[in-house]
Amino acid sequence: MQGRFANIIVDISHEKVDRPFQYRIPEALLGLPEPGMKVRIPFGSGNKLRTGYIIEITDEPEFDVSRLKEIDSVIEEGVQVESRLIRLAFWMKEHYGSTMINALKTVLPVRQKLKQQEKKEICLRVGKEEARAEMLQCERKHQGAKARVLRELIAEERLPQTLVARKLNISPSTFRSLQEAGLIAINSVPYYRNPVKLDAQREAGHRLSERQQFVVDSVLKDYDDGIRQTYLLRGITGSGKTEVYMELIAQMIQRGRQAVMLIPEIALTYQTVLRFYKRFGDRVSVMNSTLSPGEKYDQCERARKGEIDVIIGPRSALFTPFPDIGIIIIDEEHENSYKSETMPKYHARETAEELAALHGASVFLGSATPSLESFYRAKQGKYKLFTLNERLTGGVLPTVYVEDLRQELKNGNRSIFSKRLQSLLEDRLERGEQSMLFLNRRGYAGFVSCRMCGHVMKCPHCDVSLSEHRNGTLVCHYCGFTQPAVKLCPECGSKYILGFRAGTEQIEEQLHKLYPDKKVLRMDADTTKTKDSYEKILSAFSAGEADILVGTQMIVKGHDFPNVTLMGILAADMSLSVNDYRAGERTFQLLTQAAGRAGRGTRPGEVVIQTYQPEHYSILHAAAQDYEGFYEEEILYRQMLSYPPVSHILAVQVTSAAQEGGEVLAGQLKRLCVGAPEGRVEKTIIIGPAPAFIGRINDIFRYVLYVKNPDYEVLIRLKNRMEHFLKEEDRKDESVQFDFDPMSSF
Ligand code: ADP
Ligand code: ZN
Ligand code: ZN
């Protein structure tokens, strides 16, 4: 693009400089810079050289041209970013609230300077006829090695040198002498690390069922008619969703376009990758947090150069610099991990839709238990809905029992296993079938409370309960505070102050006591710290090396264990006790997923849901595997309290080292909102400020202000006003974060 001026974002994380600065493009560089390029520019009064990103090239100076500084140089080694990604960053900044530089850093490929890896390739420098004559000559002269190399190159035009050396047992000197004789050339070609090292046989896809084919055909017909929109596929686990994704991707590749396949990181297992690899060979690659920066960089380069058509990865895979994306697929679209926890706090779903608009691509969402957001939009007609109801691999839906833990206690059963769960467990152990026991979140397990007065042991620095560890200490999982366990309740002096003995560790212990000769595996954050440990536990269990697998959320996510015929959900309501408007939804999703684990093979499965609230609608609908029934009840509650998806919420979180400063600033922001025109719109609701749900972490105080309005634009305008207000003053002690439609309460 020709243009004499560049608008540049300086790579300094400070609100004051978070706007474009204009620079002159020097004569020598005219025509070279493009949006997305990294440059060196003099900045500030000392004209210190800084890095910046060009976001726009223009012919219109904003100031007196003679006062504009010049770009110093273009940084070549950096990855050049498509202007589309920059536009996406702008949108993210606006839509989610963040500085421009943070938004840019989120979408830009790995930015470190990385050494390009190279490999040597050999090819003929003479025609094939001549090569053949030389080859015969070498053979006559008993120069077997040279002849072999030439023969190989006559058959195949170019080959990696190391491959030929190994295969034909050729020494470096042979290559050199062929090169010196002018017969072959040895070239260094860039080489990209491929994190997928699988030697799988390529396999065609299954022949699609009628339902699957209908979904694929509908999407493609829209696509070929120039219609771009978002689709939602609701289908129970095993109903063939992944097969649909792969067919859609294959069709997009045929149309010359690329595909982004998002999968929650936790579900991005060897089996999943293998399946895609079998279908698409090395045209597919993977992006995840275990890749080295170099490997990540190389995947971006491969995408940019057109060497791959498909990327599989968690939410950040959205920012793979493909030239021409045709479809973005999001599997398990209800997963919380699609929302970023750092600024900008973007959600992969909406960001995918924005990116798709920039590329002219379609968005395809899939889930067994769609988020309320997506199903709501489907009901409104914004998304096109498809349903797959049957498991393709056979297997009937399991029988579900709901066990009331209060009743168990009344009947004198003080164990964490209800009578029914115990007898079913023993039945499986006798028959040699496998069971899984699922416990919600480690953080809630092990909290210590008084059975007499209800007092809960809390951290003195954070408003969260302490967890009892096996070594007899009480630990805060937020700040690490540790104290010895107490014998008497500090409130009422009763001795019935006890841990809720239901951490995964304790369950494992109990099982060992009950069934000393049986093998139990445990999977939680503690046992999966090292690389590969997750896969190892799964494959050990899969190979039948244990009778029972105990674990947290991790065991619930989409693994197929045909020999598992019993699933025990130990305390279904643990996630309901959290102060969070999505608690009901999350509980329903978890229970439904967990229930889906049992009876995947030919034998029917049974599920036991243990709970203190058997009458809760999340539990009842999950037991009945009734998504729509749950949706209808949940959406009423969201409507009543103006929660997403019916309304939108902007959470403004103020953190501060000094309690007063935080409180004052939060109050100022509230008055700003109340006084603004948007604050007076009929449907705006402003709540707070109040101390956050966890009011203090590590002695940093947290206040939160909630603003609700069904119109997202109103919230954006209020956010902009607050941002503007915050820019006016330097703040060292307080900081403010915005979170639109938060996934949990603060
Ligand atoms: P989901 O993604 O909904 O869990 P999958 O696509 O993984 O479902 O399909 C479940 C199982 O059924 C897999 O083993 C898959 O290979 C198989 N499968 C999917 N579609 C078909 C089909 N059309 N014909 C035969 N088997 C299929
Ligand atoms: Zn007490
Ligand atoms: Zn703490």
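Since every read-out is calculated from the coordinates, none of them should be taken as a lab result. Just so you know, these numbers come straight off a predicted model, no measurement behind them. Note: ideal-geometry Cβ built from the backbone for every residue, glycine included; neighbour counts use all protein chains shown.
Here are the numbers for this structure:
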{"item": "Full-extension gain in nm, residue 399 to residue 289, via 0.36 nm per residue minus C-alpha separation", "result": "35.8 nm"}
{"item": "Anisotropy class of region 688-745 from Cα gyration tensor, a/c 1.5 cut", "result": "oblate"}
{"item": "Potential lengthening between residue 633 and residue 683 on full extension [0.36 nm per residue; Cα-Cα distance subtracted]", "result": "15.7 nm"}
{"item": "Label-point separation, residue 409 to residue 730 (7 Å along Cα→Cβ), nm", "result": "5.6 nm"}
{"item": "GluC sites (Glu not before Pro) restricted to region 617-701 and DSSP loop, no more than 15 other C-beta within 10 Å", "result": "682"}
{"item": "FRET efficiency, 1/(1 + (r/R0)^6) with R0 60 Å, evaluated for residue 229 and residue 491 via beta carbons", "result": "0.55"}
{"item": "Under the Debye formula (equal points on every Cα, no solvent term), log10 I(q)/I(0) of region 132-245 at q = 0.10, 0.11 Å⁻¹", "result": "-0.60, -0.64"}
{"item": "Surface/4 estimate of mean projected area, convex hull on alpha-carbon atoms of the chain, nm²", "result": "41.6 nm²"}
{"item": "Gained length - residue 483 relative to residue 539, 0.36 nm times residue gap less alpha-carbon distance", "result": "16.4 nm"}
{"item": "Cα-projected label distance for residue 168 with residue 357, points at 7 Å along beta-carbon direction, nm", "result": "5.7 nm"}
{"item": "Listed peptides 729-737, 589-597, 667-675 by packing density, highest first (mean Cβ within 10 Å)", "result": "589-597, 667-675, 729-737"}
{"item": "Two-site label geometry, residue 423 and residue 4: point separation in nm, points 7 Å out along Cα→Cβ", "result": "9.0 nm"}
{"item": "Efficiency of FRET between residue 202 and residue 385 - r from beta-carbon atoms, R0 35 angstrom, step 0.05", "result": "0.60"}
{"item": "Prolate/oblate/rounded label for region 241-308 (Cα gyration tensor, a/c 1.5)", "result": "oblate"}
